[in-house]
1. Can you find, among B:45, B:112, B:90, the residue sitting farthest towards the positive end of the charge dipole of chain B, where Lys and Arg contribute +1 and Asp and Glu -1 at Cβ?
2. How long is segment B:3-110 along each principal axis, judged by its Cα atoms, biggest number first, in Å?
3. Greater than 21 Å separation of Cα atoms is the criterion. Which listed pairs, B:78/B:107; B:73/B:107; A:11/A:57; A:15/B:107, meet it?
4. Using a 1.4 angstrom probe on the protein heavy atoms only, line up A:46, A:39 by accessible area, largest first.
5. For the ranges B:108-115, B:51-58, what's the packing order if you count other beta-carbon atoms within 10 Å of each residue, average per peptide, and put the highest first?
6. Give the average, rounded to an integer, of partner chain Cβ atoms located within 10 angstrom of each Cβ in A:73-82.
7. Starting at 0 and stepping by 10 Å, how many percent of the alpha carbon pairs of chain A end up in each bin?
8. For each cysteine in chain B, check whether another cysteine's C-beta sits under 4.7 Å from its C-beta; list those where none does.
Amino acid sequence: GAGVSQSPSNKVTEKGKDVELRCDPISGHTALYWYRQSLGQGLEFLIYFQGNSAPDKSGLPSDRFSAERTGGSVSTLTIQRTQQEDSAVYLCASSSSGRAETQYFGPGTRLLVL
Amino acid sequence: AQTVTQSQPEMSVQEAETVTLSCTYDTSESDYYLFWYKQPPSRQMILVIRQEAYKQQNATENRFSVNFQKAAKSFSLKISDSQLGDAAMYFCACYSGGSNYKLTFGKGTLLTVNP
């Protein structure tokens, strides 16, 4: 079946602009995760959704970052007033129910803030 | 808090040879799970292998196997009969419960396969 999809694949924006990144999880997966992968770094957890609720937003680096999930499916990560340090690959993953289930990743969105 | 350490930023192997990638972790939980993911230049993170900590038997998946040393908190990945398509960044990750179900990743090992 279809895997996790993300759009856009690449995004170039100017400092100070807002961006929206989209994730479409595997059908039927209730858990959804956002991670950030900066150059030379590992993956950094941002936020976790179970259904439409986000019980853990602890990884969001600042209040410029927000995320929502509607209908228990598609999620959008929004970064307001982008800064150059926001440049990274943003990866989305989903799993069937959370907990110890294997997380399946999308291809990521590469964000470049000029 | 849990940590995952990959001490080898880069490794190389000859095609058809065997290579072992190292990973150590630290967690205070007794129930946890360990993973190896592969990330080729396409950026897609692909699950290679998974190990449940409560299982004593080392996980295997075709040419990929792990050496899970629970007491030493070590979780190395062995790739046998290396192929050109194995060239990628490999990440070790740990899930150890809590309320957020997040994976904690190491910084990765870049594997080059030489023909």
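1. In chain B, that residue is B:45.
2. Ordered largest first, segment B:3-110 gives principal extents of 40, 28, 22 Å.
3. In this structure, A:11/A:57; A:15/B:107 exceed 21 Å between Cα atoms.
4. Solvent-accessible surface, decreasing: A:39, A:46.
5. B:108-115, B:51-58
6. Shielding by partners across A:73-82 averages 0.
7. 16, 51, 29, 5
8. B:94, each lacking another Cys Cβ under 4.7 Å.
The values are calculated or read from the model by the stated rules, or taken from the named source; none is laboratory data. If you're wondering where the values come from, they're calculated on a predicted model, not measured in any experiment. Note: ideal-geometry Cβ built from the backbone for every residue, glycine included; neighbour counts use all protein chains shown. Each accessible area value is taken on the protein alone, full model and side chains, heavy atoms only, with ligands, DNA and RNA left out. Shrake-Rupley method; radii C 1.70, N 1.55, O 1.52, S 1.80 Å.
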